[in-house]
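Notes for the one structure printed next.
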Amino acid sequence: MNKQKIMLVNGCSHTAGYEIDGTDDSKYNRSKSFGNQLAEIRGYTPVNIALGSQSNPAIARGILDWFSKNYNPDTMEGFACIGWTEST
């Protein structure tokens with residue numbers, strides 16, 4: 001059975017792709033973000049849950065929360081691309 005290949009992308013505004021087209025957030029920005037581009041190159045479906053102003057603890061919680069609620073190892077192959085924010 002072929003599993004659905006999912007790449008979870010999470011991080012701060014840079015990971016979400018903010019400002020690529022001059023706006024904070026848009027479908028275009030997310031599709032052109034580095035995480036989404038990496039997912040497509042590697043043959044994964046990107047799931048970009050990154051948000052602006054997220055702290056590192058919020059990023060970590062978001063990843064754990066997404067996997068606990070959405071990931072099924074029987075039907076999915078999961079991978080995470082994490083863009084940690086600045087520590088200051």
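Relative contact order for the chain: 45 percent, from Cα pairs under 8 Å spaced at least 6 residues apart, divided by residue count. Calculate what fraction, in whole %, of the accessible area of the chain sits on carbon and sulfur atoms when a 1.4 Å probe is rolled over the protein chains. For the chain, the apolar C and S fraction of the accessible surface comes to 52 percent. Would you work out which of PHE79, ASN2, VAL47 lies farthest towards the positive end of the dipole of the chain? Charges go on Cβ: Lys and Arg +1, Asp and Glu -1. Toward the positive end, the furthest listed residue is ASN2.
How high is the FRET efficiency between LYS5 and GLU86 when r is their beta carbon distance and R₀ equals 41 Å, given to the nearest 0.05?
Efficiency computed from Cβ-Cβ geometry: 0.85.
In a fully extended conformation the segment linking HIS14 and LYS69 would gain 17.3 nm over its present Cα-Cα distance, using 0.36 nm per residue. Judged by the ratio a/c of the largest to the smallest principal axis of the C-alpha gyration tensor, the chain counts as oblate, that ratio being 1.5 or greater while a/b is no larger than b/c.
Keeping all protein chains in place, calculate the accessible area per residue for the chain (probe 1.4 angstrom), answer in Å².
Details: 5470 Å² over 88 residues.
Accessible area per residue: 62 Å².
The values are calculated or read from the model by the stated rules, or taken from the named source; none is laboratory data. From a predicted model like this one, the values you see are computed outputs, not experimental measurements. All Cβ positions, even for glycine, are placed from backbone atoms using ideal geometry, and neighbour counts span all protein chains on display. To get the accessible areas, we keep the full protein, side chains included, count just its heavy atoms, and leave off ligands, DNA and RNA. Shrake-Rupley method; radii C 1.70, N 1.55, O 1.52, S 1.80 Å.
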